[in-house]
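Participant: Pasting a structure here, questions to come.
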Amino acid sequence: MILTIDALNMHRFPTVLEDMFQLRARVFAGRLGWDVTIADGKEIDQFDKMNPSYIVGLDDEMNVISCARVLQTMGPHMLVDVFDAILDGEPPVRSPNIWESTRFCVDTQRIKSEDSKTTVSKATCELMVGILEYSQMAGITDIITVIDPVMDRVLKRSDNAPHGYVGKTVPMGKVSALAALLDCTDERISKVRAFAGIEGDVMLDEDEAVAKIEALAKTPPVTEMSDPKELQAYCDEQIAMAKTESEREAALALRSALSVRLTPDLSATT
């Protein structure tokens, strides 16, 4: 599931944003060794204060499993103000129709856990689709993104090869960095979807996301509800109390998710 967060709705998703910034810290400071600032376990920079849009991948329990940041290029952005060595003398990329995608990362540890239903490849491709489809809806024609050679190969393997590059490849932490261009076309989106077997809408409705988060927050720890019948009654109560279709769907999803985590007895009930 892909959730888009921007200046208009970020007040509704403080826990998702915190989880996202923590993931960025683990990936860019820990795994990649980039020179980034970490505070309270979160990686936040000056570009996060410029009202970017965040494309966030979530699992069934609303944990962040992937994320990326999209920022317009008419003002300050990373390629010009941080990774300017990549440009190698070329003029800055500035266009109202070309936006920059940065901080693309996937939580490989969470996805590789025993109870994960998502593969790293599927999460990566779903995030790509989310970025491209969001960009189309926002009137963006092209994405420019700073990546490392490994990500460049991932893009090519997933039938999402860049249509061009800007500047040169330069050292960056434990890896190198380069700038790639991706057009936000139906053809590109279709290729990525076909490669990963992604069908249907990947975007999560904002109200539905809020309902799911609230439902999960109300759920007592599993250790306190070992009796499947007690948990069944709780889930039924949440479904009955739902005031909207989104709340009802969230409660049904919660019952389904918890039934899998507990006992076969509960998962057999309907």
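Participant: Being in a strand (DSSP E or B) and acidic (Asp, Glu) is the filter here, so list the residues in the range 169-205 that pass it. First the steps, then the outcome.
Facilitator: Filtering the range 169-205 for residues in a strand (DSSP E or B) gives 169-172, 175-183, 203.
Asp183 - this is the single residue of the range 169-205 that is in a strand (DSSP E or B) and acidic (Asp, Glu).
Participant: Filter the range 1-31 for residues that are among the aliphatic types (A, V, I, L, M) and open to solvent by 30 Å² or more (accessible area, probe 1.4 Å) and give the result.
Facilitator: The answer is Met1, Ala7, Leu8, Met10, Ala29.
Participant: Which residue, of Glu230, Glu247, Glu208, is at pLDDT 75 or above and of a type outside the set (Val, Ile, Thr)? Quick ask: steps written out before the conclusion?
Facilitator: Working: Glu230 fails: at pLDDT 75 or above; Glu247 fails: at pLDDT 75 or above.
Matching residue, one of Glu230, Glu247, Glu208: Glu208.
Participant: Is it the case that Asp152 is closer than 16 Å to Leu79 by Cβ, open to solvent by less than 80 Å² (accessible area, probe 1.4 Å) and touching a residue at least 40 places away in the same chain (Cβ under 8 Å)?
Facilitator: Taking the combined requirement at face value, the residue does not satisfy it.
Participant: If Ala161 passes every condition in (1) outside any helix (DSSP H, G or I); (2) among the hydrophobic types (A, V, I, L, M, F, W, C); (3) open to solvent by 30 Å² or more (accessible area, probe 1.4 Å); (4) in contact (Cβ under 8 Å) with a residue 40 or more places away in the chain but one, which one does it miss?
Facilitator: The failed condition is (4).
Participant: Can you give me the number of residues within the range 170-192 that are touching a residue at least 60 places away in the same chain (Cβ under 8 Å), among the β-branched types (Val, Ile, Thr) and surrounded by fewer than 18 Cβ atoms within 10 Å (Cβ to Cβ)?
Facilitator: The qualifying residues number 2.
Participant: To continue, here is another question. Given the criterion acidic (Asp, Glu) and touching a helix residue (DSSP H, G or I) at 6+ places or on another chain (Cβ under 7 Å), identify the matching residue among Asp107, Asp148.
Facilitator: Asp107
The values are calculated or read from the model by the stated rules, or taken from the named source; none is laboratory data. Keep in mind the model is a prediction, meaning the values are calculated, not measured. Virtual Cβ from ideal backbone geometry, glycine too; neighbours counted across all protein chains shown. The accessibility values were calculated without ligands, DNA or RNA, using every heavy atom of the protein model including side chains. Shrake-Rupley method; radii C 1.70, N 1.55, O 1.52, S 1.80 Å.
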